[in-house]
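I have placed the structure first, in the form of structure tokens, so that the comments after it can refer back to it.
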Amino acid sequence: QVQLVESGGGLVQPGGSLRLSCAISGSMFRFWAMGWYRQAVGNQREWVARITSDGTTDYADSVKGRFTISRDNAKNTVYLQMNSLKPEDTAVYYCNLVPPSDRYWGQGTQVTVSS
């Protein structure tokens, strides 16, 4: 049974930083492309960043240059380093496979950017 558990969210001021973590259970993790997604209140869920099994990364234009996705296959964990946060980054952040699977949406972690 594969489970994805997000953590690391919180309240941060504009311009601040947060590091999100996604712990994945499953022995095949190192072969999966993984992504971060987010959903703000009243909006549809959107893709934020992805990383392939060989470490190639890609970002949505809205976060490019500010966010960095990484993975540690030994720890079965994917990270999202978020810098220069803006109020419009406020959302619940989720990790999932790329493309995402409905079976693996977790609870997410809330990120609130506000002064």
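The values are calculated or read from the model by the stated rules, or taken from the named source; none is laboratory data. This is a predicted model, so every value here is computed, not measured. Here the Cβ positions follow ideal geometry from the backbone for every residue, glycine too, while neighbour counts run over all protein chains shown. Ligands, DNA and RNA are stripped out before the accessible areas are found, and what is left, the full protein with its side chains, is counted by its heavy atoms. Shrake-Rupley method; radii C 1.70, N 1.55, O 1.52, S 1.80 Å.
Some observations on this one:
- Solvent-accessible area of Thr112, all protein chains in place: 40 Å² (probe radius 1.4 Å, heavy atoms, ligands and nucleic acids excluded).
- Derived scalar couplings between HN and Hα for the stretch 87-92 equal x, 6, 7, 4, 4, 8 Hz in order, rounded to whole Hz, by the Karplus curve 6.51 cos²θ - 1.76 cosθ + 1.60 (θ = phi - 60°), x for Gly and Pro.
- Cα centroid separation - the stretch 31-73 against the stretch 89-112, whole Å: 10
- Magnitude of the charge dipole for the stretch 26-67, about its Cα centre and with charges confined to Cβ atoms of Lys, Arg (+1) and Asp, Glu (-1), is about 120 debye.
- R0 of 25 Å, Cβ-Cβ distance Ser84-Gln44: FRET efficiency to nearest 0.05: 0.55
- In a simple Cβ point-charge model (Lys, Arg +1; Asp, Glu -1; nothing else charged), the stretch 39-115 has a dipole of about 120 debye relative to its Cα centre.
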